[in-house]
Amino acid sequence: MRSANPNSARPMPPNAFQPIQTIKEMLMNSSFVMRASERGYNRFLSTGAASSYIGGHPDSILTRHSSFNFGPYQAGRPGFGRLRVFGDETFSGAGCGYNIHPHHNFIICAFVLECQLTHINTVGNIDQLTPGDFYAFSAGSGGKHCEVNLKQDDLHVIYIWMMPDQLLLPPLYSRSHFDALSSRNKLVTLVGNVDGGVRVSQDVKVSRLVSDKSITLEYVPTSAVHGVYASVLEGTVDCAGTPLERRDSTGIWGAERIPLRTSAQETDLLIVETAA
Amino acid sequence: MSNEPLKRLMCLGCGFLYDEALGLPEHGLPPGTRWADIPEDWACPDCGTPKRHFEMVEIPYALGQPEFCPADAA
């Protein structure tokens with residue numbers, strides 16, 4: 001740790017000077033609690049200024065709660081470790097969604113919570129995902145995708161974007177399924193370098209816990225320099241002594257283990273672990 | 001000419017990469033154009049995200065990338 005007092009009489013050891021971290025880096029590597037209402041909020045209509053971006057019937061509305069700065073929301077945290085986007089999104093109205101648009105580099109994951117997501121990409125996939133389904137789309141050297149709700153009901157999706165560990169990788173699409181019934185009351189890793197996990201080219205792990213009774217467990221980060229971002233999708237969770245309600249979240253760095261306790265009611269917790 | 005190492009910056013709206021070594025000749029930025037010398041009102045050619053919402057990255061290229069690098073050709 002750097003000396004807090006520059007006027008300290010004690011001479012600094014020769015290797016005590018660390019590069020001064022930028023505010024951005026500090027914000028991406030510091031612990032926090034974020035209440036649901038503290039997230040960014042954007043609402044896009046399929047008409048007017050965003051009409052080339054947002055598809056759908058003239059009455060379509062796409063809403064996005066952002067945990068980190070993204071798009072028009074720039075008043076919050078820049079990210080968390082390798083994460084840059086954590087979007088809690090609702091597509092309302094048949095045809096509502098993102099028209100086909102380009103990406104590079106980012107690894108984009110989508111977790112469908114309700115209704116059905118139709119995903120089309122230039123890797124060659126036309127995919128339809130229902131609750132429990134999730135994908136990882138690594139845009140790499142370039143890829144386009146379209147995200148659309150073709151149903152009348154509201155589509156709820158969690159989008160997570162992470163930096164890649166190499167630039168301009170070959171684009172890749174993988175999809176899998178989280179079975180909330182057979183995985184009930186167990187923490188399951190969905191994305192990451194583990195058996196059964198969808199592999200991505202980054203030191204990030206995404207896990208999910210759906211419980212129907214009070215569960216106590218400890219999340220053990222891979223190392224002391226990994227951070228854990230836990231977001232309560234449903235129910236309530238006590239996370240390292242902090243009570244979290246629906247859509248509250250917390251980012252934790254430097255913990256050897258993180259005690260978790262879910263409420264007795266149906267609870268759904270998404271945990272993203274990331275290298276610094 | 002500055003001796004500073006050439007930088008890479010990524011668009012936080014879509015992931016588009018600007019590499020100072022490569023520039024963007026097709027958008028009027030010759031190879032070697034420093035990020036600081038690009039006008040503040042410049043925006044991502046792919047998604048329109050403003051210049052200020054790019055992030056400097058120190059991520060290595062994947063094998064075989066970038067496909068054409070003027071530094072290699074020189």
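The values are calculated or read from the model by the stated rules, or taken from the named source; none is laboratory data. Keep in mind that what you see is a predicted model, and the values were worked out from it rather than measured. Note: ideal-geometry Cβ built from the backbone for every residue, glycine included; neighbour counts use all protein chains shown. Heavy atoms of the whole protein, side chains included, go into the accessibility calculation; ligands, DNA and RNA do not. Shrake-Rupley method; radii C 1.70, N 1.55, O 1.52, S 1.80 Å.
Residue count for the range A:144-179, restricted to those that are closer than 29 Å to B:G64 by Cβ and open to solvent by 70 Å² or more (accessible area, probe 1.4 Å): 4. Can you list the strands (runs of 3 or more DSSP E) found entirely within chain B that contain at least 1 residues being out of contact with any helix residue (DSSP H, G or I) (no Cβ under 7 Å at 6 or more places or on another chain) and either among the basic types (K, R) or modelled with pLDDT under 95 (or both)? Qualifying strands (runs of 3 or more DSSP E): B:8-11.
Can you tell me which residue in the range A:75-104 is nearest to A:L117 (Cα to Cα), limited to those that are touching a helix residue (DSSP H, G or I) at 6+ places or on another chain (Cβ under 7 Å) and assigned to a loop (DSSP other than H, G, I, E, B)? The residue in question is A:G79. Looking at (1) within 20 Å of the chain's Cα centre (by Cα); (2) assigned to a loop (DSSP other than H, G, I, E, B); (3) surrounded by fewer than 16 Cβ atoms within 10 Å (Cβ to Cβ); (4) modelled with pLDDT of 95 or more, which is the only condition A:G124 fails? Of everything listed in (1) within 20 Å of the chain's Cα centre (by Cα); (2) assigned to a loop (DSSP other than H, G, I, E, B); (3) surrounded by fewer than 16 Cβ atoms within 10 Å (Cβ to Cβ); (4) modelled with pLDDT of 95 or more, A:G124 misses just condition (1).
Checking each residue of the range A:186-197 against the condition of being buried (at least 19 other Cβ atoms within 10 Å of the Cβ) and of a type in the set (G, A, S) gives at least one match. When you scan the range A:206-227, do you find a residue that is among the charged types (D, E, K, R), out of contact with any Asp or Glu (no Cβ under 8 Å at 6 or more places or on another chain) and over 30 Å from B:G64 (Cα atoms), even just one? Yes, because at least one residue in the range A:206-227 is among the charged types (D, E, K, R), out of contact with any Asp or Glu (no Cβ under 8 Å at 6 or more places or on another chain) and over 30 Å from B:G64 (Cα atoms).
All of B:L6, B:L22 fail the test of being within 14 Å of chain A (Cβ to nearest Cβ), among the hydrophobic types (A, V, I, L, M, F, W, C), over 12 Å from B:K51 (Cα atoms) and more than 8 Å from the chain's Cα centre (by Cα), apart from B:L6. Filtering the range A:56-74 for residues that are open to solvent by 70 Å² or more (accessible area, probe 1.4 Å) and within 14 Å of chain B (Cβ to nearest Cβ) leaves a non-empty set. Of all residues in the range B:51-60, those satisfying the criterion of being open to solvent by less than 40 Å² (accessible area, probe 1.4 Å) and facing chain A (nearest Cβ under 10 Å) are B:H53, B:E55, B:V57, B:I59.
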